[in-house]
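Working notes for the structure below.
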Amino acid sequence: MGGVRFTWPGRNPFTLAIDGFSLGQGERLLLIGPSGSGKSTFLSLLAGIAKPDAGKIEVLGTDIARLDGAARDRFRAEHYGIIFQMFNLLPYASVIDNVLLPLSFSPSRKKRADARGGGRAEASRLLANLGIESSLIESGAAAILSVGQQQRVAAARALIGSPEIVIADEPTSSLDRNRQQAFLDLLFAEVDAAGAALVMVSHDESLAGRFSRVADLAEIAQASRGGRS
Amino acid sequence: MIIVRLALQSLANRWLTACLTILSIALSVMLLLGVEKVRTGARQSFANTISGTDLIVGARSGNLNLLLYSVFRIGNATNNITWKTYQDIKQHPDIAWIVPISLGDSHRGFRVMGTVPEYFTHYHYRRGQPLAFSAGAPFSDLFDAVIGADVAAQLGYRLGDRIVVAHGAGAVSFLEHDDKPFRVSGILAKTGTPVDRTVHVSLEAIEAIHVDWQSGARDPTKAVSADDVRRMDLTPKAITAAFVGLKSRLAAFRVQREINNYRQEPLSAILPGATLQELWGLVGTAETALSAVSGMVVITALLGMVTMILTTLNERRREMAILRSVGARPSTILSLLVVEAGVLTLLGVLVGTLLLYGALIGLQPYIDRTYGLHIAVDAPSVDQLKILGGIVAAGFFAGLLPALRAYRLSLADGMTVRT
């Protein structure tokens, strides 16, 4: 990323400026910052959901800041896995359908999953590795899962078809400490297996030891609120 | 495809609101189609009631009034025609046949009509179909009666049963011609016209049961027994109206004018078809109003659906954000909601059509019996199919409103969902 400027429009505009940022392949980055520091905005820019007003965001050799909306959506489907803080799943769909969802938007991830024995088998494998019981995989509706189970299913969805970049927005904040550790163990194992880069945002610095790099968002990006800038 | 499956699962997840929405659309569609069915059914029924009669002659009155009381047994005659006038008209060179009728009495709510045996050969209905007897024959004796199919079915009469005619046309009468009972000599086959609900007797019999009556009540001092009356001269003094068949239809307007200008007595002659058109012109406004109201109900149901989808949008922003994060384009979300609205409308239209046909099949005998209205259970007409197609298209179109809102929300929300 270079020279990126982005402003949320509205009565109380919020501007984020990123002069330079880079992420290596297979890197595991923990981004730390207090709430309101622009973490979610940073992730939106990184994932191509928000389009910067100026600057360059080059991902895997493509400047996604220059792509139009539909192309960014396609790019995201192909190369990103995303885990939210909570409520990751479509409650009415089955566990397996939730995991398979990205494959219907991404031909290349579908191809990779097919190469490993098909989408359903790959989804079952990921879910099993992430500690979801097979009875839940087969029959469960996502709505009956516990929060911890939901986050692990979300991780399986982010990882299916081996995307190059996994983005996680405080995925552990709704879990207790024991479950946080267990979740991270499983997530790291699968991210490594897929050879993906991981960007995780958290305000919990105690997790820092497990990442290959820790950065404070304030060092990367300057946030400013409408009135003062 | 998984997206379609998810859309259906999402709907199934909200099955109660979805079902209620479908139901409200279904009921509105049922109303719309039902009004149309009853309208065409009523027109068909009326148009089918009389056929082959070129003119109807009665005492001077409004055209509609004459048509309604002489053919449909609705309302009462304002006046009678004298027998002499009737004989005069009968002599007219252009007239092929003339059948007199005499109304005014009733039997347990069914009208009694005095006429001549030729009535059963000359009176036609539904594109020239003649009356047929399901049992018995036209009257041969003075106190013979021929009853319509509904009279026989509802009162359980068979050939040879004795019936008593009441004075006046009301459903309940305390003045009965019980001294001169009739015998059922014939039962007519079902026609789907007011003939089914009529008791036919001879003109002479009408005269006979009234010989000892004066100003609407029996005069006991002049009582004449049923046997004695047979020896009296029973030539009618007056009739209510007459059905006329012409030798050439081309003469209809000329004969009509001549009868209307008859010097000895004020008369009215009407062409049944033309007068029916007058009737449609009169009720047309009411029909249009009914159609407009049922159209409004359909629009209301569609608005209800849009409201339903809009109110669920907020709780579904999460769903939209998840779909966006896995790569769904805003256009996918747009089409998801448009398809949802379209599917709801389509189901509503299908259910409504099925409900209507179910109701028609179930209620048709009842409507036929109670209102004498025969509503055909046939496939929807091309026009109706067009209307139904239009409603479905309107449903898809209505879905654009919440879809565009969801589109804008999903663009503004980005990855963070503010709930």
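If only residues of the stretch A:1-18 that are touching a strand residue (DSSP E or B) at 6+ places or on another chain (Cβ under 8 Å) and over 14 Å from A:Gly55 (Cα atoms) are counted, the one that is modelled with the highest pLDDT is A:Phe14. Does the stretch A:138-170 hold any residues that are more than 27 Å from A:Pro107 (Cβ to Cβ) and in contact with a Leu (Cβ under 9 Å, 6 or more places away or on another chain), and which are they? Result: A:Ala143, A:Ile144, A:Leu145, A:Val147, A:Gly148, A:Gln149, A:Gln150, A:Gln151. Criterion first (crowded, with 21+ Cβ neighbours inside 10 Å, touching a Gly at 6+ places or on another chain (Cβ under 6 Å) and free of Cβ contacts under 8 Å to residues at least 60 places away in the same chain) does A:Ala113 satisfy it? So A:Ala113 fits the description; yes. Scanning the stretch A:122-152 for residues that are assigned to a loop (DSSP other than H, G, I, E, B) and under 17 Å from A:Ala189 (Cα atoms) turns up A:Leu130, A:Gly131, A:Ile132.
Of B:Val29, B:Val35, all but one fail to be under 26 Å from B:Gly358 (Cβ atoms) and in contact with a Ser or Thr (Cβ under 6 Å, 6 or more places away or on another chain); the exception is B:Val35.
The lone criterion from (1) over 30 Å from the mean Cα position of the chain (by Cα); (2) at pLDDT 85 or above left unmet by B:Ile322 is number (2). Looking at B:Gly104, B:Gly34, which is the one that is in the same structural domain as B:Leu355 (by TED's automatic domain parsing) and surrounded by 17 or more Cβ atoms within 10 Å (Cβ to Cβ)? Result of the check over B:Gly104, B:Gly34: B:Gly34.
Taking (1) surrounded by 17 or more Cβ atoms within 10 Å (Cβ to Cβ); (2) within 14 Å of another protein chain (Cβ to nearest Cβ) in turn, B:Ser331 satisfies each apart from (1).
Scanning the stretch B:44-64 turns up no residue that is within 14 Å of chain A (Cβ to nearest Cβ) and among the hydroxyl-bearing types (Ser, Thr, Tyr). Of everything listed in (1) surrounded by fewer than 19 Cβ atoms within 10 Å (Cβ to Cβ); (2) within 14 Å of another protein chain (Cβ to nearest Cβ); (3) farther than 23 Å from B:Val4 by Cβ, the single unmet condition for A:Arg125 is (2).
Strands (runs of 3 or more DSSP E) fully within the stretch A:19-118 that include at least 3 residues being within 14 Å of chain B (Cβ to nearest Cβ), modelled with pLDDT of 80 or more and in contact with a helix residue (DSSP H, G or I) (Cβ under 8 Å, 6 or more places away or on another chain): A:80-83. Starting from residues that are in contact with a Leu (Cβ under 8 Å, 6 or more places away or on another chain) and surrounded by fewer than 24 Cβ atoms within 10 Å (Cβ to Cβ), keep the ones in the stretch B:345-356 and report whichever is nearest to the other protein chains (Cβ to nearest Cβ). Filtering first and then ranking leaves B:Val351. Beta carbons closer than 7 Å, at least 6 apart along the sequence or on distinct chains, pair a first residue in the stretch B:3-16 that is within 8 Å of chain A (Cβ to nearest Cβ) with a second that is assigned to a helix (DSSP H, G or I) and β-branched (Val, Ile, Thr) for B:Ile3/B:Thr332.
Applying the condition of being out of contact with any Phe, Trp or Tyr (no Cβ under 7 Å at 6 or more places or on another chain) and of a type outside the set (A, V, I, L, M, F, W, C) to the stretch B:201-217 and asking which residue is surrounded by the fewest Cβ atoms within 10 Å (Cβ to Cβ) yields B:Ser215.
Within the stretch A:170-187, identify whether any single residue is among the β-branched types (Val, Ile, Thr) and surrounded by fewer than 13 Cβ atoms within 10 Å (Cβ to Cβ), and answer yes or no. So far as the stretch A:170-187 goes, no, none of its residues is among the β-branched types (Val, Ile, Thr) and surrounded by fewer than 13 Cβ atoms within 10 Å (Cβ to Cβ). Filtering the stretch B:223-280 to residues that are small (Gly, Ala, Ser), out of contact with any strand residue (DSSP E or B) (no Cβ under 9 Å at 6 or more places or on another chain) and closer than 24 Å to B:Thr78 by Cα leaves B:Gly273, B:Ala274.
The values are calculated or read from the model by the stated rules, or taken from the named source; none is laboratory data. Being a predicted model, the structure only gives us computed values, none of them experimental. Note that we place each Cβ from the backbone using ideal geometry, even for glycine, and neighbour counts take in every protein chain shown.
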